[in-house]
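Trainee: Before we start, here is the structure in question, set down as structure tokens.
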Amino acid sequence: MRVGSGRAGNPGGLRGFCPGCMIGFPFPGFIENPPGGPRPGAGFPEQYGGALIRAGWYEKQGPAGEVIRVGEMDAPEPGAGEVRIRLAVSGVNPSDAKNRLGARGPMKFPRVVPHSDGAGEIDRVGPDVDPARVGERVWVFNGQWDRPFGTAAEFIALPAGQAVRLPEGVTDVEGACVGIPGMTAHRCVFADGPVQEKIVLVTGGAGTVGHCAVQLAKWGGASVLATVSSDEKAERARGAGADHVVNYRTENVAERVREVTGGEGVDRIVEVDFGGNIQASLGALKNNGAIATYASMGEMEPKLPFYPFMFLNTVVRQVFLYTMPEEAKRQACEDLVRVMEAGKLTFPIAAEFPLADLAAAHEAVEGGQAVGNVVVGIG
């Protein structure tokens with residue numbers, strides 16, 4: 001066995017098997033392969049035939065360079081209602097780094113193969129899945145939600161509904177960027193109804209979610225304003241279709257929004273930092289407006305000005321993809337495919353890494369300097 005990137009060692013150990021996960025994993029490390037590669041079938045359950053895949057994982061939480069390892073593990077098999085996907089690209093999101101660092105609680109599993117998003121091709125299906133899906137190119141969402149093994153591997157087996165058809169002409173790299181950014185943006189834009197002829201403000205319009213939200217709001221028929229922090233990001237937001245861009249470092253957001261909208265304000269806000277932007281939101285919203293927020297890192301426990309929001313009849317909606325209503329997920333998947341088919345959804349790539357450099361990919365996302373999506377090539 002060869003450990004990629006050399007960032008962390010891995011002592012010998014015993015190989016274990018998780019029946020509920022349909023995949024094997026070593027405890028706490030694993031036995032190195034003998035010279036010339038592993039012995040076919042050695043130490044593997046019979047149904048796997050000794051198949052090995054390359055994957056990245058961590059067995060404890062901490063800094064990427066200290067805990068992430070890359071090596072080989074047993075190949076998964078699809079269970080009832082599942083498909084197996086040969087992954088080409090895995091998408092890295094901030095939530096992946098937060099989970100690894102322990103910001104969202106302790107590990108639920110002894111080993112975690114990270115990442116929820118990815119793209120590839122279905123190569124096997126389990127019982128109760130149409131065999132015609134074999135060979136279908138797909139994008140994947142929620143790959144590692146409440147599951148130990150995500151998309152930072154050559155294969156993943158997961159419920160068939162979480163593998164969505166990837167339109168012709170859309171690359172695997174682009175497909176690996178759809179899940180968290182695209183579905184979060186869709187929920188934020190459309191959860192409170194159609195946006196045709198509405199005015200939508202997208203804060204952080206150059207971020208991965210914000211960039212998708214700008215495009216989806218335009219596709220839905222809205223006029224779109226976006227906030228950014230630099231000229232580079234302003235160009236990115238304009239490229240996504242923003243009608244007006246506000247630099248929040250140099251301009252008063254609420255005043256500029258009122259100026260641009262002729263004093264009316266906006267109908268909806270897609271919010272990247274609820275706590276940090278409360279006052280700007282109050283100054284920018286119309287009566288009966290809505291804020292859909294998916295983060296609040298500037299102030300994680302914000303004090304809510306209840307009466308000012310009440311006087312505006314404001315809806316404050318929190319959005320968390322993993323626990324969204326199933327119907328909202330289904331609608332998001334359908335619409336995102338339609339938008340991609342129309343060529344109206346793009347994903348700027350900030351950086352691409354090989355699987356061997358998985359730790360570096362996490363560090364790129366964690367550093368907050370990447371303008372665009374970060375992906376890991378698997379194939």
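The values are calculated or read from the model by the stated rules, or taken from the named source; none is laboratory data. Computed from a predicted model, the values in this text were never measured in an experiment. A quick note on method: Cβ atoms are made from the backbone with ideal geometry, for glycine too, and the neighbour counts reach across all protein chains shown.
Trainee: Return the pairs, sorted by first residue and then second, in which the second residue is surrounded by fewer than 23 Cβ atoms within 10 Å (Cβ to Cβ), the first residue lies in region 155-176 and is not assigned by TED's automatic domain parsing to the domain that holds Leu355, the beta carbons are less than 6 Å apart, and the residues are 6+ apart or on different chains.
Mentor: Final answer for the pair search is none.
Trainee: May I pose another question? Quick one: would you say Ala360 is more than 20 Å from Thr184 (Cβ to Cβ), surrounded by 15 or more Cβ atoms within 10 Å (Cβ to Cβ), touching a residue at least 60 places away in the same chain (Cβ under 8 Å) and assigned by TED's automatic domain parsing to the domain that holds Gly150?
Mentor: Working: more than 20 Å from Thr184 (Cβ to Cβ): yes; surrounded by 15 or more Cβ atoms within 10 Å (Cβ to Cβ): yes; touching a residue at least 60 places away in the same chain (Cβ under 8 Å): yes; assigned by TED's automatic domain parsing to the domain that holds Gly150: yes.
Yes, satisfied.
Trainee: When you look at Val200, is it of a type in the set (Val, Ile, Thr), surrounded by 24 or more Cβ atoms within 10 Å (Cβ to Cβ) and not in a strand (DSSP E or B), yes or no? Step through it out loud before you land on a result.
Mentor: On the way: of a type in the set (Val, Ile, Thr): yes; surrounded by 24 or more Cβ atoms within 10 Å (Cβ to Cβ): yes; not in a strand (DSSP E or B): no.
Judged against the criteria, Val200 is not a match.
Trainee: For residues in region 315-357 being within 17 Å of the chain's Cα centre (by Cα) and part of a strand (DSSP E or B), which is farthest from His115 (Cα to Cα)?
Mentor: Gln318
Trainee: Can I ask one more? Got at least one residue in region 109-122 being surrounded by fewer than 17 Cβ atoms within 10 Å (Cβ to Cβ), of a type in the set (A, V, I, L, M, F, W, C) and free of Cβ contacts under 8 Å to residues at least 12 places away in the same chain? Explain how you work it out, then say what you get.
Mentor: Of region 109-122, the ones surrounded by fewer than 17 Cβ atoms within 10 Å (Cβ to Cβ) are 109-110.
This time we only want the ones that are of a type in the set (A, V, I, L, M, F, W, C), so: 109.
Among the residues that remain, those that are also free of Cβ contacts under 8 Å to residues at least 12 places away in the same chain are: none.
No - not one qualifying residue is present in region 109-122.
Trainee: While we're on this one: Can you tell me which residue in region 93-116 is farthest from the chain's Cα centre (by Cα), limited to those that are among the aliphatic types (A, V, I, L, M) and assigned to a loop (DSSP other than H, G, I, E, B)? It would help to see each step written out before you state the result.
Mentor: The first filter runs over region 93-116 and keeps only residues among the aliphatic types (A, V, I, L, M), leaving 97, 101, 103, 107, 112-113.
Then keep just the ones that are assigned to a loop (DSSP other than H, G, I, E, B); that gives 103, 107.
Numbers: Ala103: 17, Met107: 19 Å.
The residue in question is Met107.
Trainee: Across region 239-270, what is the number of residues that are more than 22 Å from Tyr294 (Cα to Cα) and under 23 Å from the mean Cα position of the chain (by Cα)?
Mentor: 1
Trainee: Now, a different point. Within region 65-81, can one find any residue that is within 15 Å of Pro354 (Cβ to Cβ) and not in a strand (DSSP E or B)?
Mentor: yes
Trainee: Moving to a separate point now. Report every pair of residues separated by at least 6 positions or lying on different chains whose Cβ atoms are under 8 Å apart, first residue within region 54-69 and in the same structural domain as Leu101 (by TED's automatic domain parsing), second loosely packed, with under 15 Cβ neighbours inside 10 Å and assigned to a strand (DSSP E or B).
Mentor: none
Trainee: When region 118-147 is examined, which residues are found to be of a type outside the set (A, V, I, L, M, F, W, C), in a strand (DSSP E or B) and either in contact with a helix residue (DSSP H, G or I) (Cβ under 8 Å, 6 or more places away or on another chain) or under 18 Å from Val375 (Cα atoms) (or both)? Talk me through it step by step, then tell me what you get.
Mentor: Here is the first cut: in region 118-147, the residues of a type outside the set (A, V, I, L, M, F, W, C) are 118, 120-121, 123-124, 126-128, 130-131, 133, 135-137, 142-144, 146-147.
Next cut, in a strand (DSSP E or B) only: 118, 120-121, 123-124, 137.
Within region 118-147, Gly118, Gly120, Glu121, Arg137 qualify.
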